[in-house]
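Nothing in this text is a laboratory measurement; each read-out follows from the coordinates by a stated rule. Here the structure is a predicted model, which is why all the values come from computation and not from measurement. Methodologically, a virtual Cβ is constructed for each residue, glycine included, from the backbone with ideal geometry; neighbour enumeration extends over all protein chains shown.
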Amino acid sequence: MVDKGGPKFKEVTPTPNVDPNAPVDMRAMLNGPRGADGFPNLPPGPQMTTQSSRGGQTRTKYQERTMAQFVSNLGFIIGSSQGKSVTDGFLQPRVVDKTGLTGKYTFILEYYNAGMANLAVLLPPRADSDASSPPVASEPQGDLPNIFTAIQKQLGLRLDKVADVPLDVIVVDSVDKLPTAH
């Protein structure tokens, strides 16, 4: 939902005539010049790019995205930021867009991501780092906010926990045949 005070980002005019399926030279883009925000200069149109550090800092730039596109994977982002992976059997929260915002927006979200910090612990140290002090995944580095605080303070949005969000469920009542190998 939109928090009191309203959203802290502005609607953008989408780039006209952009083919979302056009090939992008990712290597050239990532190695090319960066904008004032520290991100590579992205091609026009709806894009999303993420930068993560070994300390769990995650910065994601959403470019020309609708709120529906933003919340479509927000449950996964919330779970990951708490170190709860789908692959480890954790259910991800379901997020529904109740903002009423209908435009396209460009914004950056920066937060502590325990999932990325945990991943960094498993990786060998970089050549330019001090190998005697491995990263600690359980504690945020510096003053990084959690995902909930970041969404509220940086975007002017609020996540409210509710019990009445509809959810599609498939129930298997019975099985008539035993499975066989082919």
Net charge dipole size for the chain [Lys, Arg +1 and Asp, Glu -1 on Cβ; Debye, nearest 20]: 360 debye
Farthest toward positive dipole pole in the chain [+1 Lys/Arg, -1 Asp/Glu at C-beta], among Pro43, Pro33, Asn21: Pro33
Choice from Thr49, Thr60, Thr13 showing the highest fluctuation, given a GNM over the chain with Cα pairs closer than 10 Å: Thr13
Partners for Lys153 among lysines (Cα-Cα distance below 28 Å; same-chain residues under 8 apart left out): Lys4, Lys8, Lys10, Lys61, Lys84, Lys98, Lys104, Lys161
Along each principal axis, Cα extent of the chain, largest first, Å: 61, 49, 42
Top of Val169, Val96, Val24 by mean-square fluctuation, Gaussian network on the chain, Cα under 10 Å: Val169
Positive-end residue of Val2, Gly75, Val12, charge dipole of the chain with Cβ unit charges: Val12
Residue with peak Gaussian network fluctuation, the chain [Cα springs, cutoff 10 Å], from Thr87, Thr149, Thr58: Thr87
Spacing of the two label points (7 Å from each Cα toward its C-beta) at Ala36 and Glu110, in nm: 1.5 nm
